[in-house]
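Single-structure report; data block below.
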Amino acid sequence: MRGRREEAGGRREEEEEEGEEGGDGREEEEEVRRPDTRLGWVRRGEHNPVPSYISSYFPHLGGPCTPQRSKEYHCVLNVRPLNPFRGTSYLKAHSLGNRCPEVALAPTSVAALCKKGFSVSIEDSAGVQAKYLNSAYEEAGAKIVDRDAAFTSDIVLKVRQPATEEVALFKDGSSLVSFMYPAQNKELLNQLAAKKLTVFGMDCVPRISRAQVFDALSSMANIAGYRAVVEASNHFGRFFTGQITAAGKVPPAKVLVIGGGVAGLAAIGQAKNMGAIVRAFDTRAAVKEQVESFGAEFLEVNVAESGEGTGGYAKEMSKEFIEAEMALFAKQAKDVDIIITTALIPGKKAPVLIKREHVEAMKPGSVVVDLAAEAGGNIETTVPGEVSVYKDVTHIGLTDLPSRLPTQASFLYGNNISKFLLSIGEKDHFNINLEDEVVRGSIILQNGQLMWPPPPPPEPSPGAVPAAAAAPAAVKEPPPPPNYFTLTMKDASAYAAGEDVPTDPPEYTYLYGIPAAVFLGGYAATAASGYPESHQMAYLAASLCCVGALGGLSNQSTCRLGNTLGMIGVSGGIASTIGALTPATPVLMQMGGAAALGGAIGTTIAKKIEITDLPQLVAAFHSLVGAAAVLTCISTYLHDFPNFATDPAANAIKTALFFGTYIGGVTFSGSLVAYGKLQGLLNSAPLLLPGRHALNAGLLTANIGAMGWYMMDPSLNVGLSMLGTTTTLSAVMGVTLTMAIGGADMPVVITVLNSYSGWALCAEGFMLNNNLMTVVGALIGSSGAILSYIMCKAMNRSLPNVILGGFGTSSTGSGKPMEITGTHTETNVEQTVEMMTNAKNIIIVPGYGLCVAKAQYPIAEMVDILRKKNKNVRFGIHPVAGRMPGQLNVLLAEAGVPYDVVLEMDEINDDFPETDLVLVIGANDTVNSAAEDDPNSIIAGMPVLRVWKSNQVIVMKRSLGVGYAAVDNPIFFKPNTNMLLGDAKKTCDALLTKLKEQYE
């Protein structure tokens, strides 16, 4: 923006000279002549810049006063300096005829002045064009007078500086408060000085916190920014806000505001309130926070350079910055629908920011609003004062935007000027006190003597200091020049000090080996000393570590500690088991060989397995757990059989052995079937055998009978036969149960099998009298059961319904499911990226399709890019999404997605109505609205992610086919849904590539 000077947007404690949102910081110093004893003149330079839309609001404000004026209406007020407000007074407010219909005071301001003791007189019909009738002024306490009577006053309040012919009407020694712009109106000031007038300039009010309420320039700039958006909407052929109608979707308008001063921020707020997508640009980093507070996007260039200058203005920018800025505007012009510019240079032609080629690149029907039109315009093709069309782009170059809201302009200006008047002097007294920085900064003439630029504060009275202590007034010394050597050394030292500072502190995870070594070493020492109780104590310690591991893994902040505790517990359990057995060396070598072989197999599988294949890997491992349980139970029966005749706990041990064998058989075969379905070796559809429930009941009865015979007959052969029988029957039962369950319910099957394996381990602990196995088995069994219940609840189904291969939910009605009609809407990568860049709140709902496509890596990179652009991007995870509980959480974490943006269904479901865009990637049943809308659907009542309640939904799938539940999804045909069909991996890669191009 060529380093344009811009409004600071907020007040500063020091005095600042007024300017609007533009400027290139290259103003030339112009001649200033101020005679000491007579009225001089000042050429227009940096003092008193005139914003375009303010000077046009008050005609000829940018140049000397001329007698060619529209008719004005007046009101005046009379008071005597140093006198109380109570007394005779007339207030002179005026309307500027056809060009500017505003009046200096609204009836509310008149009432405020009358309350303070002013007698206010209003010229007849002064407020008609501002919609303020004479009767309203009379009700407020004013008198209606003619023009000549209005000027015979002590104080005259005006909107603009007086015309030449009006000067003679002023009473000698009276006061005038108005916009004056002394740098441009030297002849007028000479004439007013001859009348001994005291003149205050509303444009000269210093920019300090206390004077905010007097700032009329900001009031007019606020109106101009608001009206710019209203005018743009009037000439724009579409809605500002996006809408979804039966006739189709209407995208929201895109608005670019250049300049973040008062007018720019007003335009941003109004455009955002009207539902548009708003972007803004400013060279000053401080404006970014203000822009984003409105919900707009702050655009930045890739050149690291600050535009902060002195006095609230922007400094001159480098050539590289300007080139990057022009490239940004060229890119935005192709994309946005409306451009509003507010850049001005005090005393100079406005900088050209939008060039002809930028306008030619805009879409037909676009609109540009140039608030700097009267100063030459920020847009090369603007025609000042007119609404024109160039290359099918409407140009609004109007120079009277505040005048198009005359009532509002009069109300705000009336508040500014009346409160300024009441602030002059002490309480209820009008008195010019030059020690008041607002008075000193705004006064132009005092009794005919030129006081502008602002005089310094008066020196203390000599009488206030004893003669002996009297001293000449101290001369304010200029600040010392900056010590560039010191500054350079400071920066160099800071850089050198941080050269080798790591980004993250070291974690020292190896220190966890200390408690592990103490545990194992202490156990080894006590066991070697002949203390048999040490084995059970070691079991207890290992069990507590395992319990602590589960507690630690439940929270992100303690998950690493939980993982470490788990490793310590397992290591302690292995060591204490070996210590309790005290095997001979040959047996110990066999045990070590078996452990080494198992470790080698596990390592090989772990290196080859994909993260997406974890569900089937878990199922395969469960089958090994089941087989181990069966073999352990049979071998334990053979080992302990000689003691059954004399052991009083024989029946308890035999019961645990039988249950362990039965559970192990079901777990072994069921896990193999689950592995086959998940790996694709078997058909994932449920195999519904005729009379399957009777068959399963018969198998269960046969197992019960085998257990009865096993418990009643004490012979070895019968015991082994019954254990073999239940192994076979339970294995068959595992197949029949699992084959009847569809692929959609495999997550529950895995958790149930996990629970089975835990209880089998618990049974082994009982029969081996091993407390560690009992505790760990109970932990696994109960946690698997709890997780199964949670998942069944998330599907609104009962556990027996899932395990026995049932269909439907507990809420499914008996009628015919709802028929889904309509036509789906397809989109493409380009349109999807555009919606992503326009949205502020985005939720991504992944499903198993994301796992299969391995699309977590491009998705994670996309999320990182969007979050850096201040987008609120989060993930919504359904409890049964994927093929294993937590599978999607693991995938996203492995790809580098932050934990704090991955939320569960219950945490995020209420946020969809406030969400701009939802990306559904490979999910179907978990976002199916039929669960809530169709009582006869087989998923009726199932809790789902309510993605359809967001503003826009994009569903990424291979086709419109059904999910595992074989239910059509109504959201595919909703008006706010777009289908992005294709391979999820290729589509996500294309989205990432296009998104990078968009932000380059």
**Report entry** When each of K334/K355; K319/K868; K319/K869; K949/K974; K131/K272; K254/K331 is checked by Cα-Cα distance, pairs over 18 Å
**Finding:** K319/K868; K319/K869; K131/K272
Report task. Order these peptides, 334-344, 561-571, by their mean beta-carbon neighbour count within 10 angstrom, highest first. Result -> 334-344, 561-571
Report summary line: By Cβ neighbour count within 10 Å, fewest first, M712, M707 rank M712, M707
Query raised in the report: What residues have an amide H closer than 5 Å to that of V387, excluding those fewer than 5 places away on the same chain, when H is modeled at 1.01 Å from N in the peptide plane?
Result: G397
**Report entry** Separation in nanometres of the label points that stand 7 Å from Cα toward Cβ, at E907 and N828
**Finding:** 3.8 nm
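Taking the Cβ of each residue in L699, L371, L960, L638 as the centre, tally the other Cβ atoms inside 10 Å and list the residues starting with the fewest.
On the way: L699 20, L371 36, L960 15, L638 12.
By the 10 Å Cβ count, ascending: L638, L960, L699, L371.
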Query raised in the report: Given H placed on each backbone N at 1.01 Å, which residues far from I122 in sequence or on other chains put an amide H within less than 5 Å of it?
Result: K143, I144, V145
Report summary line: Note, region 162-171: 3J(HN,Hα) by Karplus (6.51, -1.76, 1.60, θ = phi - 60°), whole Hz, Gly/Pro = x, goes x, 6, 4, 6, 7, 4, 5, 7, 6, 6
Query raised in the report: Which order do H824, H235, H622, H535 fall in if you start with the one that has the fewest other Cβ atoms within 10 Å?
Result: H824, H235, H535, H622
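Any read-out appearing in this document is the output of simple, stated calculations on the displayed coordinates, not a laboratory observation. Here the structure is a predicted model, which is why all the values come from computation and not from measurement. Neighbour counts run over all protein chains shown; Cβ positions are idealised from the backbone, glycine included.
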